[in-house]
Amino acid sequence: MNTITVIGSINLDRTIRVKQMPKPGETMHTKEIFSAGGGKGANQAVAAKRSEAATHFIGAIGNDEAGEMMRELLSEEGIDLTGVQTLEKQATGQAYIIVDDHGENSIMIHSGANNAFTPQQVQEYADVIKASDFVIAQFESTLESTIEAFSIAREAGVKTILNPAPALENVPEALLRVTDMIIPNETETEILTGIHVTDEASLKAAADYLHQLGIEAVIITIGSKGAFYDVQGRNGIVPAFKVNAVDTTAAGDTFIGAMSSVLMKDFSNLEEAIEYGNKASSLTVQRFGAQPSIPYKNELK
């Protein structure tokens, strides 16, 4: 069983379901409104935990109702929240999600406490990082704190996994130097590399670019087609499972959390781990919400 530490975002998601996306200036009635746990970091942690990895979290919430709700939800999952601080002068991160009848979504995020925790806080939990198999991060919290966590991990021989989402134009070299595996989607890949991904040749070219930055393993998620991987001279596409998607929220996060729960530290079983992650995300997209849609290991057998 892998031990995973996630550093990153905790959001309360407020989801609005509509028939179709509103146009500018348009007013429409909603079909449904509900709140659920979210945030890319928290989603990835829940996915890892539900696939039975020992899971720790480093992050922050505000001293508010949303923060209380998120601490309770993540505690119920059995995730170790010792590294989650409550910040007095910050609101808990929140996301406002619109989902239409085609399963497409638009998301607006208020970062709040996610962007307020510091490298000093990360240093306090260095022992947790050093005892992990993998440390996972995204771009919904402070880069300085992520660099600190990845640097501690690298020194201890712990593998680091970066999900560069939401996409950033300029990713600090200091972060890429301590990243062992990177998992962007097609859009994020183009922003990172300048290469427009259209086929396997362009996927390979983008992976080569990322390897030149010192990153050992590259996985590029390609939506309903699956995931392209390139590691240690091996590359290819692991196809996705064909399903009827109703809500794509948290699909990528589920893939990353589930995959990391079964991945070997030397990446030797990467293809099998990707297939497991694909299976998990194929269940997620058939359900509504972020964390409520993430499957448990016994559903994936």
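The values are calculated or read from the model by the stated rules, or taken from the named source; none is laboratory data. In this text the structure is predicted, and so the values were computed from the model without any measurement. Cβ coordinates were reconstructed from backbone atoms using ideal geometry, including for glycine residues, and neighbour counts include every protein chain displayed. Only protein heavy atoms, including side chains, enter the accessible area calculation; ligands, DNA and RNA are left aside. Shrake-Rupley method; radii C 1.70, N 1.55, O 1.52, S 1.80 Å.
A few remarks follow.
Per-residue answers, yes or no, for (1) open to solvent by 20 Å² or more (accessible area, probe 1.4 Å); (2) out of contact with any Phe, Trp or Tyr (no Cβ under 6 Å at 6 or more places or on another chain); (3) of a type outside the set (Gly, Ala, Ser):
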residue: PRO166; (1), (2), (3): yes, no, yes
residue: LEU210; (1), (2), (3): no, yes, yes
residue: GLY214; (1), (2), (3): yes, yes, no
residue: PHE228; (1), (2), (3): no, yes, yes
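- Answer residue from the stretch 177-208, given it is acidic (Asp, Glu), out of contact with any strand residue (DSSP E or B) (no Cβ under 8 Å at 6 or more places or on another chain) and under 22 Å from GLU275 (Cα atoms) and is most open to solvent (accessible area, probe 1.4 Å) among those: ASP199
- Filter result for GLY25 (outside any strand (DSSP E or B), without any contact (Cβ under 8 Å) to a residue 40 or more places away in the chain and not hydrophobic (A, V, I, L, M, F, W, C)): yes
- Test: residue in the stretch 78-91 that is of a type in the set (D, E, K, R) and under 30 Å from SER224 (Cβ atoms): no
- Positions within the stretch 234-258 being modelled with pLDDT of 95 or more and not aromatic (Phe, Trp, Tyr), in sequence order: ARG234, ASN235, GLY236, ILE237, VAL238, ASP253, THR254, ILE256, GLY257, ALA258
- As a summary of the residue check, LEU73 satisfies the conditions (1) free of Cβ contacts under 8 Å to residues at least 40 places away in the same chain; (2) under 18 Å from the mean Cα position of the chain (by Cα) except for the one numbered (1).
- Index of the failed condition, GLU68 passing every other in (1) closer than 26 Å to LEU143 by Cβ; (2) in a helix (DSSP H, G or I): (1)
- Taking the numbered list (1) part of a helix (DSSP H, G or I); (2) within 20 Å of GLU52 (Cα to Cα); (3) more than 16 Å from the chain's Cα centre (by Cα); (4) not polar (S, T, N, Q) in turn, ILE256 passes all entries but (3).
For (1) surrounded by 19 or more Cβ atoms within 10 Å (Cβ to Cβ); (2) among the small types (Gly, Ala, Ser); (3) more than 16 Å from the chain's Cα centre (by Cα), each residue gets a yes or a no:
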position: LYS49; (1), (2), (3): yes, no, no
position: ALA54; (1), (2), (3): no, yes, yes
position: PHE57; (1), (2), (3): yes, no, no
position: VAL84; (1), (2), (3): yes, no, yes
position: ILE97; (1), (2), (3): yes, no, yes
position: ASP100; (1), (2), (3): no, no, yes
position: GLN123; (1), (2), (3): no, no, yes
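- Of residues in the stretch 110-147 being of a type in the set (D, E, K, R) and under 24 Å from THR254 (Cβ atoms), the one modelled with the lowest pLDDT: GLU140
- Members of the stretch 262-301 that are of a type in the set (A, V, I, L, M) and in contact (Cβ under 8 Å) with a residue 60 or more places away in the chain: VAL262, LEU263, ALA280, VAL285, ALA290, ILE294, LEU300
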